[in-house]
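Comments concern the structure below.
The values are calculated or read from the model by the stated rules, or taken from the named source; none is laboratory data. None of these values were measured; they are calculated from a predicted model. FYI the Cβ positions are ideal-geometry reconstructions off the backbone, even for glycines, and counts take in every protein chain you see. Surface accessibility is based on the protein's heavy atoms, side chains included, excluding ligands, DNA and RNA. Shrake-Rupley method; radii C 1.70, N 1.55, O 1.52, S 1.80 Å.
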Amino acid sequence: MAVVLQVLPCVARALLRPLLMGSPVVRLASGMALAEQAQQLFESTVGAVLPGPMLQRALCLDPSSGLLKVRDRSFQLRQNLYLVGFGKAVLGMAAAAEELLGQHLVQGVISVPKGIRAAMEHAGKQEMLLKPHSRVQVFEGAEDNLPDRDALRAAVAIRQLAEGGGSALLPAPIPPVTLEEKQTLTKLLAARGANIQELNTIRKALSQLKGGGLAQAAYPAQVVSLILSDVVGDPVEVIASGPTVASVHSVQDCLHILNHYGLRAALPRSVKTVLAQSDSDPHGPHSCGHVLNVIIGSNALALAEAQRQAEALGYRAVVLSAAIQGDVKSVARFYGLLTRVAGAHLTPPVTRASVEEEAQLWELASELHLPDLQLKEALEAVVEAGGPVCLLAGGEPTVQLQGSGKGGRNQELALRVGAELGQRPLGPLEVLFLSGGTDGQDGPTEAAGAWVVPELASQAAAEGLDVAAFLSRNDSHTFFRCFRGGAHLLHTGLTGTNVMDAHLLFLRPR
């Protein structure tokens with residue numbers, strides 16, 4: 001789910017204490033367990049994209065003049081500012097905004113995930129909460145990241161304020177499409193492996209507010225949109241379905257997606273009606289000239305912080321990609337091959353099998369179509385390092401559901417990587433792979449993700465757990481709960497932010 005905070009006619013910033021104690025990670029003692037290092041590094045990754053630090057970097061307010069600077073643009077505040085927002089990080093962003101704006105903020109409406117206020121209060125994260133007499137009205141909804149009646153009420157309130165992702169938190173279907181029909185279509189697409197770009201393309205076509213609809217409702221007010229990206233490549237027209245960006249997608253794009261997933265024939269008559277009318281692009285480019293869209297947080301920014309912290313711990317750290325996507329099975333195989341190839345370079349001699357696997361690695365990398373992949377640079381760094389290496393990546397793989405188990409893409413990816421790592425001995429090499437969602441919640445579970453080691457499959461078998469059987473049911477969460485008392489699960493609680501997932505691969509010669 002993306003995060004968008006709009007201020008009409010301007011925007012805000014304030015200081016927040018890091019949610020996960022996001023100050024620099026000090027050098028750890030050499031005897032510290034690799035799993036502990038991995039979890040601390042993940043927390044520092046999330047700490048870099050918390051609401052307070054992000055807003056602080058992007059914005060500056062001169063209290064004496066009331067002049068608000070957003071990057072290289074300035075806006076005059078005179079008690080003329082309205083705020084709307086939607087997404088997992090918006091609660092903390094709104095708290096920061098109100099602290100800064102003071103009397104300039106007239107009114108606000110935000111739509112946030114169900115239960116997030118109670119979760120933040122329970123965790124003692126007061127900096128993420130609005131003050132008791134806040135001017136910002138909060139709606140909670142979109143349980144399990146699906147549009148619902150509560151989120152619909154929030155969308156109506158946001159539209160009313162504007163006229164005077166998060167995508168699932170801003171549902172306002174174009175009649176005659178009903179909320180239930182939109183929910184069903186979203187579930188079907190997600191279950192068949194549709195990625196966030198495809199989901200948001202469909203959502204925009206069926207929404208009154210997405211695809212530039214919110215900007216059109218706010219016209220002629222100046223709109224500044226502060227965006228936290230949870231989409232590979234950070235395309236502003238896709239993040240949260242682009243409520244302040246003119247849509248670049250046509251009805252043909254929607255039909256192509258629906259055909260690809262075999263859903264076109266089963267569409268309700270109402271959806272067909274709206275799609276037939278949508279090709280005229282009612283939110284054309286002319287409607288968004290009054291908008292400044294600013295991305296203030298992204299997966300790339302989080303990975304850059306992880307790289308710095310890993311280097312402080314004594315690792316040679318390389319960012320592989322901030323755009324990991326594709327089927328989770330292929331992504332897991334990629335990490336398995338990468339581990340064996342990198343390990344061979346770290347602990348020579350390089351065997352014929354390693355040479356063959358490197359060729360397979362390059363072929364698979366080509367098939368995954370990762371536009372920013374730094375594979376050559378990573379392998380060169382491994383050779384040069386000759387010591388501990390940390391390879392970092394992020395993005396959002398997809399899972400095609402085949403069973404009725406419980407889990408999320410991070411836990412399933414970790415479990416599949418664990419199975420890949422256990423296929424053959426890795427030599428004198430200590431390896432750990434961690435995958436975690438920066439929002440702190442992986443699928444419909446309380447875990448953010450999980451970590452694995454090459455011995456996982458054999459250790460699980462000794463406990464009577466069949467990794468392949470759990471994977472066949474998409475039941476990764478149940479596996480990790482049963483395996484060693486859940487010790488391999490990553491628990492952070494809701495973090496109040498979201499920039500997709502982080503993948504950390506550690507290799508240490510013994």
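Here are the numbers for the structure shown:
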| read-out | value |
| --- | --- |
| Lone unmet requirement of (1) in contact with a helix residue (DSSP H, G or I) (Cβ under 7 Å, 6 or more places away or on another chain); (2) assigned to a helix (DSSP H, G or I) for Glu430 | (2) |
| Hits in segment 439-462 (condition: within 12 Å of His477 (Cβ to Cβ) and of a type in the set (Phe, Trp, Tyr)) | none |
| Residue that is open to solvent by less than 10 Å² (accessible area, probe 1.4 Å), small (Gly, Ala, Ser) and on the phi < 0 side of the Ramachandran plot, where the choices are Ala353, Ala393 | Ala393 |
| Filter pass, Glu358 being within 19 Å of Asn195 (Cβ to Cβ), open to solvent by 10 Å² or more (accessible area, probe 1.4 Å) and either touching an Asp or Glu at 6+ places or on another chain (Cβ under 7 Å) or assigned to a helix (DSSP H, G or I) (or both) | no |
| Within segment 300-323, tally of residues that are part of a strand (DSSP E or B) and open to solvent by 10 Å² or more (accessible area, probe 1.4 Å) | 4 |
| Test: Leu375 is modelled with pLDDT of 95 or more and more than 21 Å from Gly422 (Cβ to Cβ) | yes |
| Enumerated helices (runs of 4 or more DSSP H) restricted to segment 143-232, each holding at least 2 residues that are out of contact with any Phe, Trp or Tyr (no Cβ under 7 Å at 6 or more places or on another chain), within 23 Å of Gly395 (Cβ to Cβ) and not hydrophobic (A, V, I, L, M, F, W, C) | 179-191, 196-205 |
| Residue match in segment 441-448 (condition: part of a loop (DSSP other than H, G, I, E, B), farther than 21 Å from Ala306 by Cβ and among the β-branched types (Val, Ile, Thr)) | yes |
| Among (1) modelled with pLDDT under 85; (2) in contact with a Phe, Trp or Tyr (Cβ under 6 Å, 6 or more places away or on another chain), the one test that Pro282 misses | (2) |
| Every pair of residues 6+ apart whose Cβ atoms lie under 9 Å, when the first sits in segment 422-450 and is open to solvent by 10 Å² or more (accessible area, probe 1.4 Å) while the second is assigned to a strand (DSSP E or B) and of a type in the set (Gly, Ala, Ser) | Gly443/Gly437 |
| Members of segment 254-278 found to be under 26 Å from the mean Cα position of the chain (by Cα) and open to solvent by 100 Å² or more (accessible area, probe 1.4 Å), listed by number | His256, His260 |
| Which numbered condition Ala240 fails, given (1) at positive phi; (2) assigned to a loop (DSSP other than H, G, I, E, B) | (2) |
| All positions within segment 120-142 that are among the aliphatic types (A, V, I, L, M), assigned to a loop (DSSP other than H, G, I, E, B) and open to solvent by less than 40 Å² (accessible area, probe 1.4 Å) | Leu129, Leu130, Ala142 |
| Residue in segment 383-399 that is out of contact with any strand residue (DSSP E or B) (no Cβ under 8 Å at 6 or more places or on another chain) and part of a helix (DSSP H, G or I) present | yes |
| Filtered residues of segment 451-483 (kept if surrounded by fewer than 24 Cβ atoms within 10 Å (Cβ to Cβ) and hydroxyl-bearing (Ser, Thr, Tyr)) | Ser458, Ser472, Thr478 |
| Flag if Gly108 is closer than 27 Å to His491 by Cα and open to solvent by less than 30 Å² (accessible area, probe 1.4 Å) | no |
| Residue in segment 67-89 that is under 21 Å from Gly493 (Cβ atoms), open to solvent by 30 Å² or more (accessible area, probe 1.4 Å) and modelled with pLDDT of 90 or more present | no |
| Yes/no for Glu412 being open to solvent by 20 Å² or more (accessible area, probe 1.4 Å), within 23 Å of Glu36 (Cα to Cα) and within 26 Å of the chain's Cα centre (by Cα) | no |
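Residues checked against (1) at pLDDT below 90; (2) over 25 Å from Gln402 (Cβ atoms); (3) hydrophobic (A, V, I, L, M, F, W, C):
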| site | (1), (2), (3) |
| --- | --- |
| Leu146 | yes, no, yes |
| Ile158 | no, yes, yes |
| Leu170 | yes, yes, yes |
| Val177 | yes, yes, yes |
| Ala191 | yes, no, yes |
| Gln216 | yes, yes, no |
| Leu226 | no, yes, yes |
| Gly242 | yes, yes, no |
